[in-house]
Ligand code: HEC
């Protein structure tokens with residue numbers, strides 16, 4: 001029974017179950033965000049991220065999907081879905097322990 005519940009959870013639209021996804025960041029976002037290329041908000045820099053997060057996660061995901069100024073549509077990710085973007089955004093906007 002427990003296993004069935006887990007499978008159901010995995011099949012549901014993922015955005016509400018989003019988890020932090022450093023691997024998406026490493027693969028597709030790091031190139032620009034690591035050093036703030038073109039004024040990209042830097043990872044784990046809460047001052048950079050606070051005003052962005054204030055717009056709401058949905059808006060941020062849309063910015064990545066459609067591109068924003070020097071950020072190309074989709075970041076550099078081929079085949080990422082909303083949950084991947086959200087996971088990468090959550091990773092970048094967190095303080096490192
Ligand atoms: C080619 C460089 C580049 C890549 C690759 C890139 N970004 Fe960005 N990103 C930027 C720049 C530049 C900005 C600042 C845009 C602005 O507000 O002018 C930005 C801004 C953002 C913002 C804030 C958007 C907003 O509405 O304020 C988010 C969220 C974001 N990036 C997420 C990502 C994610 C997630 C990835 C990887 C899947 C990614 N970016 C890949 C350059 C990049």
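Each reported figure results from applying straightforward, stated rules to the coordinates on display, with no laboratory input. Keep in mind it's a predicted model, so treat the numbers as computed, not measured. Neighbour counts are summed over all protein chains in view; Cβ atoms, including those assigned to glycine, are modelled from backbone coordinates with ideal geometry.
Structural remarks
- The criterion of being more than 6 Å from the ligand (Cβ to nearest atom) and in contact (Cβ under 8 Å) with a residue 40 or more places away in the chain does not hold for residue 31.
- Residue count for region 61-77 under the criterion of being over 13 Å from the mean Cα position of the chain (by Cα), exposed (fewer than 14 other Cβ atoms within 10 Å of the Cβ) and in contact (Cβ under 8 Å) with a residue 12 or more places away in the chain: the result is 2.
- Filtered by the rule that a residue be in contact (Cβ under 8 Å) with a residue 24 or more places away in the chain and at negative phi, region 43-60 gives 43, 46, 49, 52, 53, 57, 60.
- Filtering region 33-42 to residues that are touching a helix residue (DSSP H, G or I) at 6+ places or on another chain (Cβ under 7 Å) and not in a loop (DSSP other than H, G, I, E, B) leaves 33, 38.
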